[in-house]
1. Scanning for something assigned to a loop (DSSP other than H, G, I, E, B) and touching a Ser or Thr at 6+ places or on another chain (Cβ under 9 Å), does segment 269-277 turn up at least one residue?
2. Within segment 170-180, does at least one residue satisfy the condition of being of a type outside the set (A, V, I, L, M), closer than 26 Å to G236 by Cα and open to solvent by 30 Å² or more (accessible area, probe 1.4 Å)?
3. I'd like the residue in segment 33-48 that is of a type in the set (A, V, I, L, M) and either over 23 Å from F118 (Cβ atoms) or touching a residue at least 40 places away in the same chain (Cβ under 8 Å) (or both) and, out of all such residues, is surrounded by the most Cβ atoms within 10 Å (Cβ to Cβ).
4. Taking the condition of being in contact with a strand residue (DSSP E or B) (Cβ under 6 Å, 6 or more places away or on another chain), open to solvent by less than 30 Å² (accessible area, probe 1.4 Å) and among the β-branched types (V, I, T), how many residues in segment 49-76 meet it?
5. Just checking, how many residues over segment 219-263 are of a type outside the set (A, V, I, L, M, F, W, C) and outside any loop (DSSP other than H, G, I, E, B)?
6. Does segment 131-143 contain at least one residue that is without any contact (Cβ under 8 Å) to a residue 40 or more places away in the chain, part of a helix (DSSP H, G or I) and either open to solvent by 10 Å² or more (accessible area, probe 1.4 Å) or under 30 Å from S212 (Cβ atoms) (or both)?
7. For R6, all conditions in the list (1) part of a helix (DSSP H, G or I); (2) open to solvent by 60 Å² or more (accessible area, probe 1.4 Å); (3) over 30 Å from F152 (Cα atoms); (4) not β-branched (V, I, T) hold save one; what is the number of the exception?
8. Do the conditions hold for A162, that is, is it of a type in the set (A, V, I, L, M), touching a helix residue (DSSP H, G or I) at 6+ places or on another chain (Cβ under 7 Å), crowded, with 20+ Cβ neighbours inside 10 Å and in a loop (DSSP other than H, G, I, E, B)?
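The values are calculated or read from the model by the stated rules, or taken from the named source; none is laboratory data. The structure presented is a predicted model; accordingly, all values stated were derived computationally and were not measured. Cβ placement follows ideal geometry from the backbone for every residue including glycine, while neighbour counts extend to all protein chains displayed. Quick note on the areas: whole protein, heavy atoms, side chains included, nothing else; ligands and nucleic acids left out. Shrake-Rupley method; radii C 1.70, N 1.55, O 1.52, S 1.80 Å.
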Amino acid sequence: MRQAGRYLPEYREVRASVDGFLDLCFTPELAVEVTLQPIRRFGMDGAILFSDILVVPHALGQAVAFEEGCGPVLEPIGSAAELGRLSMTEFHDRLAPVYETVRRLAEALPAETTLIGFAGAPWTLAAYMVEGGSSRDFAAVKGWAYSNPESFGRLIDLLVDATASYLVRQIEAGAEAVQIFDSWIGVLPEPALRRWGLEPTREVVRRVKAASPRTPVILFPRGAGVLYADYAAECGADGLSLDTTVPVGWAAEAVQPRCVPQGNLDPVALAVGGPALRQEAERILGTFGRGGPFVFNLGHGVLPQTPPEHVAELASLIQGWKS
């Protein structure tokens, strides 16, 4: 969950050396460096490829930029007619620097450190592509999905194709596991969540597994609530990342018997550190530790104000618990 980033001074130094965020994502030597930085500091068991989910819309031909203090800004796509701006024709050529980063990381990482690739889920990518960035209410993308499900479905189908092929290429380049982030699926009610979230994600997993049956796939349907259990039962994934709001005891009963849970420390507890951090970490370790395999992680990304010393303390606590 966002291992590299603004909380690390060495990351900020590298980030300052390029003009734009996408320049960092598409420069393999720099993307490798920032991927390795938290591994060097903390000895994590897994290294998460440094990139961004919005490289997929960019590779499909949509204009994508990252503005300081604003976040991602995309040229919105709001109708079936505008889908013609998107194409898979140059998709993998535009993503070639990402695949090169994966290849270099596969060679550079310690043998005991798993390399994790990732992509955004179709719904979350569609949300950014239609809204033109982040949103409070996601009225534009939900409005299109509700009012014209047939044409919206064509966008989702394109994103299923793009996401699955992108993940398979990452695996071919050296990724040992992949994660699919559906950061905004929690804005949908159950019927729409199943249609635009669970079902397209299940198809992405099916295609990845068809190409690489032994590669673990992890899902993160943030905000799915009790439907996390449906994702665990129906999607064919090996792991399920839990957001901070998911009760650990419930997940141990509803998720852990079906697939490996991953989570779900509050990033604010990590930022605060001290007794709050230790208490929450030990609660998660103790609960999941009774039910079988699990992956300790955060419930979302590391906050920029997090002292690196707190991350080191957490890593040490988990490694001591494992031993």
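1. Within segment 269-277, one or more residues are assigned to a loop (DSSP other than H, G, I, E, B) and touching a Ser or Thr at 6+ places or on another chain (Cβ under 9 Å).
2. yes
3. The qualifying residue surrounded by the most Cβ atoms within 10 Å (Cβ to Cβ) is A47.
4. 2
5. Residues that pass the stated criteria total 12.
6. yes
7. (1)
8. Judged against the criteria, A162 is not a match.
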